[in-house]
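See structure below.
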Amino acid sequence: MATRGPSFTSIPNIPQGGITDWQFNTLTAMKENIELLTGARGSDNSVRAVVSGQVTVPSPAAQTMSRVTAAGTGFTISGVNVPSLDDYVKLLSNVQQLANDVASLRATVNTLINQLKG
């Protein structure tokens, strides 16, 4: 689950005197952008930055399938190639391991997406 966002110190208002128009406009634009990114301005969190401390998704589990153990062995019966039962069972196990790995990664990605959305 995402943690509460960090707190940032507010930026004081930009003085209008003693600086040129372009300096005032630049500093004001930077202040507004920083306030949007820190969530200090506006209520639309879609522009709010995410900091690394807010992402707490654990690393994905180690991959269980590291290689295919099925060797492709089989027999030819009446001109038709068929896999051996042993090789077929290995392939089924390989596919199941791969499906489990994909499901684990999907769960991690979904958790990360939810945390990034806040």
Next on the checklist: Condition (residue is exposed (fewer than 12 other Cβ atoms within 10 Å of the Cβ), at pLDDT 95 or above and outside the structural domain of SER46 (by TED's automatic domain parsing)) applied to the stretch 58-72: is it met by at least one residue?
Outcome noted: no
Checklist outcome for this item: Of the listed residues (VAL47, VAL51, VAL68, VAL82), the one being within 30 Å of the chain's Cα centre (by Cα) and more than 29 Å from ILE113 (Cα to Cα) is VAL68
Checklist entry - So which of ILE113, ILE19, ILE14, ILE34 ends up being assigned to a loop (DSSP other than H, G, I, E, B), out of contact with any Leu (no Cβ under 6 Å at 6 or more places or on another chain), of a type in the set (Val, Ile, Thr) and free of Cβ contacts under 8 Å to residues at least 40 places away in the same chain? => result ILE19
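The values are calculated or read from the model by the stated rules, or taken from the named source; none is laboratory data. In this text the structure is predicted, and so the values were computed from the model without any measurement. Ideal geometry is used to build each Cβ from the backbone, glycine not excepted, and the neighbour counts take in all protein chains shown.
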